[in-house]
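Q: The following block contains the structure, expressed as structure tokens.
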Amino acid sequence: MPRSRSPLRSAALALAAAPLVMALAACGGSDSANSADSKGKSVSGGTERSVRTAFGEVKIDGTPKRVVTLSDASLDTALSLGITPVGTSAARGAEGAPAYLSDRAAGIPLVATVREPNAEAILKADPDIILTGANLEKSQYETLSAIAPTIVPAAGDWRSSLDAYGEALGKADELDQKIDALVERAGNAGDGVKGTGVVMRWMPGGPIVMNSANMPTAMLEEAGLSPLPLAEGLGEQPHSDPLSLENLTKADADHVFIATLNAEGDKALEAARSEKAFTRMKAVEAGRDHGVDGQVWSSSNGPIAMEKVITDIEKALGK
């Protein structure tokens with residue numbers, strides 16, 4: 001729920017030189033009036049709702065206007081819904097937003113790294129809601145929730161986090177329509193193809209297989225490619241341990257989608273292409289190894305990332 005600009009909150013903004021935890025305590029938790037203020041804060045329309053999060057139910061009233069996104073997926077989701085956040089976080093291994101969102105995210109202030117929110121910068125952005133990734137620490141949550149209602153998605157599949165963001169933003173139906181249309185498109189991408197598919201991220205220390213619960217593997221399954229046992233048996237781990245070249249048979253699917261995140265990964269993959277263990281993979285022998293964007297395929301989620309993944313699948317499967 002949006003918060004009033006109480007004297008204590010104003011004092012918090014003025015105490016930038018003081019310990020931040022004192023400033024956050026000062027911004028306390030009073031509710032705002034049911035109207036937009038001069039900065040375009042959330043407007044209440046009698047639409048109070050509860051969003052299930054990793055740290056319990058969070059109550060929100062109205063449509064948030066000033067949104068801070070602290071993960072690739074929440075930034076992707078907000079942008080796909082026509083919302084330009086007032087602050088966001090840098091992507092993994094980058095100094096700004098993920099490259100695939102860089103044009104849409106141009107000009108959005110950075111208020112966090114991948115690992116650490118800058119609470120002072122977030123406080124100054126004056127959000128009325130904060131959307132984070134699922135791995136936010138409890139201590140960080142407590143700091144952020146003193147600034148504005150903070151949505152940390154509860155554990156679940158790739159879609160559950162997006163559902164939490166859509167509900168929090170008051171745009172659940174609009175988001176559902178976008179996602180359902182993309183899932184339907186993925187179902188037509190394979191044009192009747194059958195077999196197995198795997199998503200691998202190539203690292204200098206060896207390739208890792210991404211969890212089948214992640215969005216790209218789910219889209220491959222919609223297209224007709226079943227995940228491998230290794231990808232299905234990872235539980236809550238996002239990916240497997242690195243595989244040696246000798247153990248590549250564990251990831252030997254009919255179609256292999258290989259992602260790299262940086263120049264070191266590119267070089268490692270290029271070196272692997274000269275190894276017999278790699279060239280003997282059935283996907284490689286059949287020319288069904290597909291290089292894809294590591295940021296989109298192994299780190300991101302959201303409707304914009306989904307569309308890019310599905311486009312790659314259509315290309316790979318000859319749609």
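Read-outs throughout are calculated quantities, based only on the coordinates presented, and are distinct from any laboratory measurement. The structure displayed is predicted, hence computed values, not measured ones. All Cβ positions, even for glycine, are placed from backbone atoms using ideal geometry, and neighbour counts span all protein chains on display.
Q: Search the structure for amide H atoms under 5 Å from the amide H of Asp293, placed 1.01 Å from N in the peptide plane, and list their residues when 5 or more places away or on another chain.
A: none
Q: Based on DSSP, what percent of beta bridges with both residues in the stretch 65-194 are antiparallel, to the nearest 5?
A: Around 10 percent of the beta bridges assigned by DSSP in the stretch 65-194 are antiparallel ones.
Q: In nm, to one decimal, how far is the Lys276 label point from the Lys315 one, both placed 7 Å along Cα→Cβ?
A: 3.3 nm
Q: Write down the percent of antiparallel bridges among all DSSP beta bridges whose residues are both part of the stretch 188-279, to the nearest 5. Let's see the in-between values first.
A: Working: 5 of 12 bridges.
Percent antiparallel among DSSP bridges in the stretch 188-279 is about 40.
Q: Right, another one. For the stretch 245-302, what does the equivalent ellipsoid look like in terms of its semi-axes, each the square root of 5 times an eigenvalue of the Cα gyration tensor, given largest first in whole Å? The partial results should precede the final answer.
A: Numbers: eigenvalues 81, 40, 17 Å².
One finds semi-axes of 20, 14, 9 Å for the stretch 245-302.
Q: Now for a separate question. Over the Cα atoms of the stretch 183-259, what is the Rg over Rh ratio if Rh follows Kirkwood?
A: Rounded to two decimals, Rg/Rh equals 0.98.
Q: Given an 8 Å cut-off on Cα distances and at least 6 residues of separation, report the relative contact order of the stretch 88-192 as a percent. Present the calculation step by step, with values, prior to reporting the outcome.
A: On the way: 92 pairs, mean separation 16.2, N = 105.
Normalised by residue count, the contact order of the stretch 88-192 is 15 percent.
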